[in-house]
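Here the structure comes first, spelled out in structure tokens, and everything after it is commentary.
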Amino acid sequence: MQDFLKELADVLEVDEVKDSDVLEAFPEWDSLTALSVIAMIDARYRVNLTAAELKRVDTARSLYELIGAKNGN
Amino acid sequence: MNFTFSHRKITGLVAIVPSNERTFVDEMANFNFPLARSLKLKQVMGYDKHRIVDGPVCVSDLACFGLQHLFDRGLLDRDGFDALLVVTQSPDYFMPPTSSVIQGRLALKQDMFCMDINQGCAGFLFGLIQAFLILEQPGVHRAVVINADVLSRKVSTKDRNSYPLIGDAASITVIERSGDPAPIHANLKMDGRRREALMIPAGGFRLPSTPETAVLEDDGENNFRAKDNLRMDGSAVFNFVQVEVPPMIEDLLKTACVTADEVDYFLFHQPNRFMLEKLADKMKVPYEKMPSNIVEHFGNSSGVTVPLVIAYNLRERIVTGTIRACLAGFGVGLTWSSMLLRLGPLNFCDLIDFQ
């Protein structure tokens, strides 16, 4: 989870992301950032998310859980 | 589905781009986005310059210009080919076919198999497959495939999703029989259920153009485009490419018993730099073997991007020598296709400006 939050912070270009942070609340959040997050998850976790799936999650933690669920963990 | 060919070769290639060049920075003001976010988009996607037609230039204008260039320089004899395959999604007319328009304008011979193929981003592969097939006929000695699109004329200038990347271009590829028995492997898949990911909703018979279809609508993310305009669901297309393309290439190489290391270049359709780099990452292919610099210099000209990436990056190399290339196209349809073949030495490989 810590690694994931670090990766997410890199994509969002912020110093830190906490698990309770709401993704859409970040000033950098837009469709381009969403694509970058999808690409990062694909590369790191071999999980393909659609933009629609990403839209349905709110916090960093729920995104992490979605990846775990799609990975079959 | 898989295809195998042999005794076929590409013998020449020319790409034609309009001389009119626009820059992303100049066009940013048209978009309803904060400047900083647009600059970020430029950096990530690799948007910079693109070539688009200036005024009502049509596909047959670019094609005739390119063919005349080849005739004038003795690179192609005007009676020296027997099939003219035109791959476009922006035909001069609904009818007659643009291939007939080109044949007529240049007064080409009547013993000619003219055919239009309505395909986009995978259109170079489609054209090659069709040319390889028509060359089965003893009466066909040489086939010319023209890929051309002027889709900038159908993209809203207020659509940041599509306008910065659109490019207009044409290419002319000459294909002949050869003595080489080495197999050329290709594969292709189509999924019409996802046809709406890339489309121009109005202007055909389903929804004819009216004043209503010309009204700009917000896509929900501050991009304004009408039903008459080209629409792209960017994230759906991104997802499609990341999911479908790597396994397609894996299958192709497996069928051909070739490893990715043995391929000199992966010459793929050019949607934008971001998508290509993500593809390369996923396929574990070094960036230098998968050029992604066409959108930043010329824009994405659908089916022309593969010949353009060849002409822009590898001209010297394939005029003098041979490379083992993996080509791929993916997009509208949805359609995805790839091909493994040896390219070069070509009789000619040029990139010219349309005036």
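Kindly state which strands (runs of 3 or more DSSP E) lie completely within region B:314-355 and contain at least 3 residues that are under 23 Å from B:A63 (Cα atoms).
B:323-331, B:348-354
Go through region B:196-215 and give me each residue that's among the small types (G, A, S) and either part of a loop (DSSP other than H, G, I, E, B) or free of Cβ contacts under 8 Å to residues at least 24 places away in the same chain (or both).
Scanning region B:196-215 gives B:A202, B:G203, B:G204, B:S209, B:A214.
Report, by residue number, each residue of region B:97-130 that is in contact (Cβ under 8 Å) with a residue 60 or more places away in the chain and either not hydrophobic (A, V, I, L, M, F, W, C) or not in a loop (DSSP other than H, G, I, E, B) (or both).
B:Q119, B:G120, B:G123, B:F124, B:L125, B:F126, B:G127, B:L128, B:I129
Of all residues in region B:200-259, which are modelled with pLDDT under 95, under 20 Å from the mean Cα position of the chain (by Cα) and among the acidic types (D, E)?
B:D233
Residue-wise test of (1) among the aliphatic types (A, V, I, L, M); (2) touching a strand residue (DSSP E or B) at 6+ places or on another chain (Cβ under 9 Å); (3) modelled with pLDDT of 90 or more; (4) exposed (fewer than 14 other Cβ atoms within 10 Å of the Cβ).
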| residue | (1), (2), (3), (4) |
| --- | --- |
| B:I10 | yes, yes, yes, no |
| B:L13 | yes, yes, yes, no |
| B:S19 | no, yes, yes, yes |
| B:F24 | no, yes, no, no |
| B:L39 | yes, no, no, no |
| B:Q43 | no, no, no, yes |
| B:D48 | no, yes, yes, no |
| B:I52 | yes, yes, yes, no |
| B:P56 | no, no, yes, yes |
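Given the conditions (1) closer than 30 Å to B:I310 by Cα; (2) away from chain A (no Cβ under 12 Å); (3) in contact with a strand residue (DSSP E or B) (Cβ under 9 Å, 6 or more places away or on another chain), report the number of the one that B:V241 does not fulfil.
(2)
Out of (1) assigned to a helix (DSSP H, G or I); (2) within 14 Å of chain B (Cβ to nearest Cβ); (3) under 29 Å from B:D159 (Cβ atoms); (4) not β-branched (V, I, T), what's the single condition that is false for A:R44?
Checking A:R44 against (1) assigned to a helix (DSSP H, G or I); (2) within 14 Å of chain B (Cβ to nearest Cβ); (3) under 29 Å from B:D159 (Cβ atoms); (4) not β-branched (V, I, T), the one that fails is (3).
Please verify whether B:A63 is under 18 Å from the mean Cα position of the chain (by Cα) and either more than 14 Å from every other protein chain (Cβ to nearest Cβ) or under 30 Å from B:Y93 (Cα atoms) (or both), treating the condition exactly as stated.
In short, yes.
Can you tell me which residue within region A:47-73, out of those that are among the hydrophobic types (A, V, I, L, M, F, W, C) and at the interface with chain B (Cβ under 10 Å from one of its Cβ atoms), is surrounded by the most Cβ atoms within 10 Å (Cβ to Cβ)?
Checking each candidate, the answer is A:L49.
If you go through region B:233-284 one residue at a time, how many are assigned to a loop (DSSP other than H, G, I, E, B), of a type outside the set (S, T, Y) and in contact with a Leu (Cβ under 8 Å, 6 or more places away or on another chain)?
6
Mind checking which residues of region A:19-30 are surrounded by 12 or more Cβ atoms within 10 Å (Cβ to Cβ), in a loop (DSSP other than H, G, I, E, B) and either among the β-branched types (V, I, T) or away from chain B (no Cβ under 13 Å) (or both)?
Residues satisfying the conditions are A:D19, A:D21.
The values are calculated or read from the model by the stated rules, or taken from the named source; none is laboratory data. Bear in mind the structure is a predicted one, so any value in this text is a computation, not a measurement. Using ideal geometry, Cβ is built from the backbone for each residue, glycine included, and neighbour counts are taken over all protein chains shown.
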